[in-house]
Structure formats: structure tokens, C-alpha cells
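A quick write-up on the structure given underneath.
The values are calculated or read from the model by the stated rules, or taken from the named source; none is laboratory data. Note that the coordinates shown come from a computational prediction; the quantities given were computed from them, not determined experimentally. Glycine gets a Cβ as well: all are built from the backbone with ideal geometry, and neighbour counts include every protein chain shown.
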Amino acid sequence: MAPPWRLTTNLVKRPAQSYVRRMGKLIYSMFTSLDGYAADADGSSDWGGALDPVLHDFVSDQSRSVGTYLYGRRMYETMSFWETALDTPDPPDFVRHYAEVWQAADKVVYSTTLDAPTTRRTTVERTFDPVAVRAEVDALHHDVTIDGPTLAAQALRAGIVDEVQPYVAPVSVGGGLRFWPDGVRLDLDLVEQRAFGNGTVWSRYAVRRG
């Protein structure tokens, strides 16, 4: 049986009346310090994207093509904040925009210890199978992001990631949980880049194949 996060294929109409399916991409994207850590030695990443509404709106816009998020347990528990972010009175627009995008997407949590999800549109898988994940991404019409460096390391080592999109914050934390896995070489092509007023720089890299 197909996993619950598989959706029907999307067809994009072209002027010549032909139909072309938009292939999904597997994207690794998250905030990182300038010295390459997704979290500091205390496990904190509060420095990532420090309350810049323009940056937050950009993250929301980039997330609109994402239909499925893949998480490990720790990242899922962090991101589950967005399930109830709209329950507070008069949330800022940038909070509302991202919460709406996040709540509309499917979530898959890879964990051997999480009994049940606490958010809607969420399933729990016990093992991460790179071959199965790649096959599912290829069958989808939307993008899939893999969030959290520990889970992403498995996908990067397996060679199934299509793009890496780091948001590099202007801070050096000196140690912690690395954004890039050790022992993995990636040849990347810079596709686009944008800098923000708070010093954060977003880059989109395509992973070279072969």
C-alpha cells in the first residue's frame, strides 16, 4: 500500500495541449551558523533567522512548493510549534503565513521512540529507507524537504538529495551539531542566492550527479 503522504500526480497544462508532470525534488534546507553548525553545543539554534519579517516571508514563499516534510523526532518536536501558532490572538503576518503553509503539508517523522504524532497530517515511520524515499519523491508533484542534520546526513550519504538550501546566519558558534555530515563529498552548482537585512544569506545549490 502506498504511504499516506503520497499524493496524486500534478499535471501542468502547456499551450500545445500537451501535459508535463512536474517532478518533485528532495531538498535539504535549514538555518546554519557561518561556521557550519545547525545547533550550538547546548542544542540551541535561536540565532537562526532572528525575527526578520522579510526573511520569514521569504521562507514561507520558498515553502509553498513543499508538500511533505521529513523529520527526525527532535526536529519534529521543535517544528510542531507551528501546529498551534495561529491559536494566539493576532499573530504577526509572517507567523501566520508560515503556519498556514506548514499546517497544509504532510509530515513524516522517523523515530523508534515516538508512539504517536501530536500534529495533523502526520505519520510515524520506524526506519529511514533511502531507496523508498527517493522513489516516493519521484512519484510526487510537489517538493519534499528533509529537515534536521542527523536525518539529512543519511539522505546525503545515500546520494538521494537534489538540492541543498542553507540559510547562513552571521554568527559563529564554535561547535555543536554540524550542518554538513562528516565524510561526505558533494559537488554543488550555485543556482541562486539572496542576502537579507539581518545578514542572513540564503543559497540554493543543485547537487551534481555522477
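Which residues, taken from the stretch 163-210, are of a type in the set (Ser, Thr, Tyr) and free of Cβ contacts under 8 Å to residues at least 60 places away in the same chain?
First pass over the stretch 163-210, keeping only residues of a type in the set (Ser, Thr, Tyr): 167, 172, 200, 203, 205.
If the condition is that a residue be of a type in the set (Ser, Thr, Tyr) and free of Cβ contacts under 8 Å to residues at least 60 places away in the same chain, then 203, 205 are the ones that fit.
Please indicate, with yes or no, whether at least one residue in the stretch 59-69 is in a loop (DSSP other than H, G, I, E, B) and under 16 Å from residue 166 (Cα atoms).
Filtering the stretch 59-69 for residues in a loop (DSSP other than H, G, I, E, B) gives 64-65.
Right, trim to under 16 Å from residue 166 (Cα atoms) and you get none.
Within the stretch 59-69 (the criterion being in a loop (DSSP other than H, G, I, E, B) and under 16 Å from residue 166 (Cα atoms)), the answer is no, since none of the residues qualifies.
Hey, among 15, 3, 89, which residue is at pLDDT below 95 and under 17 Å from residue 134 (Cα atoms)?
After applying the criteria, what remains is 3.
Tell me which residues, restricted to the stretch 105-156, are touching a strand residue (DSSP E or B) at 6+ places or on another chain (Cβ under 6 Å), basic (Lys, Arg) and surrounded by fewer than 19 Cβ atoms within 10 Å (Cβ to Cβ).
121
Looking only at the stretch 163-175, count every residue that is under 25 Å from residue 129 (Cβ atoms) and crowded, with 18+ Cβ neighbours inside 10 Å and tell me the total. Before you say what the answer is, go through the steps one by one.
If we filter the stretch 163-175 for residues that are under 25 Å from residue 129 (Cβ atoms), which is where we start, we get 163-165.
Filter once more, so that each one left must be crowded, with 18+ Cβ neighbours inside 10 Å: 163-164.
The qualifying residues number 2.
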